[in-house]
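All remarks here apply to the structure that follows.
The values are calculated or read from the model by the stated rules, or taken from the named source; none is laboratory data. None of these values were measured; they are calculated from a predicted model. No Cβ is skipped: glycine too gets one built from the backbone with ideal geometry, and neighbour counts run over all protein chains shown.
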Amino acid sequence: MKTQFLNKYDRHQNLKCPLLAGIVLFIFSIVIQGQLMTGWAEVDFNALSLTPAQQTVINQYENEWRQTYSQLYPQVKSDRQTLRKLINDPNANEGQVMMIQSRLQQNEDKLRSEATSIFMKKKKQLNPEQRQNLQKMMGR
């Protein structure tokens, strides 16, 4: 993945505006962070032989996540698309680019933070044997 990132960066080094080149580099770093951080959030807790009580609580946490995601992700998706267009526009307004990039970063940070919080809440519901199985599922 690091090689892919560097190749993408090399292609954008020739941008005429150093600010936009820096933003491109920053966006690619966010993408890499996002890819590295989402693996643990996609664990199937149902594979851990949950009790009905555990399943109820974990379902509540998943509903909490879905609500947060549905509120924030549409803006994240829109901002990503807008930022891509602006970065490719040689006449882009730097202030607008920075405003959108800042909002995108804030919303992505909120999503990562909420995903981490929900994961930790779910993990607290597990007994020691289930936690061991969770570690095995995650490859650690």
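To keep it simple, each residue is scored yes or no on (1) surrounded by 12 or more Cβ atoms within 10 Å (Cβ to Cβ); (2) at pLDDT 95 or above; (3) touching a helix residue (DSSP H, G or I) at 6+ places or on another chain (Cβ under 6 Å).
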| site | (1), (2), (3) |
| --- | --- |
| R80 | yes, no, no |
| L83 | yes, no, yes |
| A92 | yes, no, yes |
| G95 | no, no, no |
| E114 | yes, no, yes |
| I118 | yes, no, yes |
| K123 | yes, no, no |
| Q130 | yes, no, yes |
| Q135 | no, no, no |
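Considering only region 119-140, how many residues are within 19 Å of the chain's Cα centre (by Cα) and either in contact (Cβ under 8 Å) with a residue 60 or more places away in the chain or assigned to a loop (DSSP other than H, G, I, E, B) (or both)?
4
So, in region 97-112, how many residues would count as being over 15 Å from the mean Cα position of the chain (by Cα) and surrounded by 15 or more Cβ atoms within 10 Å (Cβ to Cβ)?
2
Identify the residue in region 41-71 that is of a type outside the set (G, A, S) and assigned to a loop (DSSP other than H, G, I, E, B) and, among all such residues, is modelled with the lowest pLDDT.
V43
How many of the residues making up region 41-76 are in contact (Cβ under 8 Å) with a residue 12 or more places away in the chain and either closer than 16 Å to S113 by Cα or not acidic (D, E) (or both)?
20
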